[in-house]
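The values are calculated or read from the model by the stated rules, or taken from the named source; none is laboratory data. Keep in mind it's a predicted model, so treat the numbers as computed, not measured. Cβ atoms come from the backbone with ideal geometry, glycine included; neighbour counts cover every protein chain shown.
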Amino acid sequence: MSIAYRTTKPILLAPAGSLAAAQATLDAGSDAIYVGLKGFSRGGPRSELTSLALQDVLTAAHAQGRRLQVALNTIPAQAERRELVRRVGELTDWGIDGVIVNDVGLLAELRSRYPRLSLTASIGCGVMNEANIAFYRDLGTDAVVLPGTLTPDEIAAFAQVPDVLIEVMVHMVDEFILLGKCWMPSYCRLNSTPLASQRTSESRLIGSVKRGGVGVCFKICEQPWELYRGGRCVATRLLPSRQVSTINYLVDILNAGVDVVKLQGRSLPPELLAPLVRRYRRAIDAWMAGESLPPFAEPCLEPSWTVMCR
């Protein structure tokens with residue numbers, strides 16, 4: 001099994017949705033970058049890269065001695081899976097440093113086909129206990145991603161599982177559903193499609209649950225919902241979400257044995273992404289030096305990011 005990172009210093013893994021954003025994260029001090037591949041990444045086209053753009057980011061990262069991971073964190077349908085496996089072969093030939101995967105079967109197949117490729121189990125895999133971590137390790141995964149809502153004691157217990165790296169999403173949007181497990185898009189659109197076992201067409205869900213029908217997330221969670229009382233509309237509201245930032249107890253998380261500190265935000269523009277990366281870079285470096293930092297103000301991003309830019 002290949003191992004993505006093996007250093008005593010935690011890796012700061014930052015997102016990027018464009019070449020400009022990638023350069024901003026590099027300049028801000030990220031050790032590694034993760035990007036999305038167009039058509040195969042959770043989050044939609046606004047945070048995905050074309051093959052050409054991905055190669056440009058890869059060149060920029062490797063020129064500075066940094067690593068690049070590609071998020072392939074959809075649950076592919078059968079035809080999509082075949083194409084995705086082929087595309088991973090291309091990515092490997094380009095020299096990417098690893099992929100982030102959300103589907104168990106795909107993880108197993110990629111490990112079999114590309115034994116030297118570093119594989120990370122996405123936060124959408126729902127790893128929540130030591131048995132889950134051991135399962136993905138035995139499947140051939142090099143790293144697993146945990147949500148930042150876990151306690152340092154829980155993370156410390158998970159870090160005791162050998163031969164697998166622990167990533168924690170230390171800055172993310174805490175949505176009203178479990179992060180990485182949104183089923184809402186799936187119920188938003190049905191297509192009329194002939195079923196293989198029948199001669200007539202019926203309405204059914206097309207594509208994968210993760211990608212919302214035919215690969216499009218309709219973002220119904222971001223639409224205004226009307227609140228009625230006694231048959232009369234009394235308010236219009238958005239569903240709640242909030243930023244989760246562990247910056248003020250990052251020391252406890254690092255002491256728990258975390259290998260990779262991960263930030264969410266591939267849709268963030270460079271001007272918002274750079275200061276986010278810098279604050280975590282500064283906090284990690286201070287921890288390594290045994291220094292203390294004053295409390296950080298919260299939140300560090302504008303509130304609209306928690307609703308319109310997940």
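Data for the structure
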{"read-out": "Odd one out for Gly65, checked against (1) in contact with a helix residue (DSSP H, G or I) (Cβ under 9 Å, 6 or more places away or on another chain); (2) without any contact (Cβ under 8 Å) to a residue 40 or more places away in the chain", "value": "(1)"}
{"read-out": "Matching option when the condition is of a type in the set (Gly, Ala, Ser), farther than 16 Å from Asp259 by Cα and either in the same structural domain as Gly257 (by TED's automatic domain parsing) or modelled with pLDDT under 85 (or both), among Ala131, Ala157", "value": "Ala131"}
{"read-out": "Subset tally (residues that are buried (at least 24 other Cβ atoms within 10 Å of the Cβ), more than 15 Å from the chain's Cα centre (by Cα) and outside any loop (DSSP other than H, G, I, E, B)) for the range 8-34", "value": "4"}
{"read-out": "Set Leu84, Leu52, Leu106: member being assigned by TED's automatic domain parsing to the domain that holds Val127 and within 23 Å of Leu273 (Cα to Cα)", "value": "Leu52"}
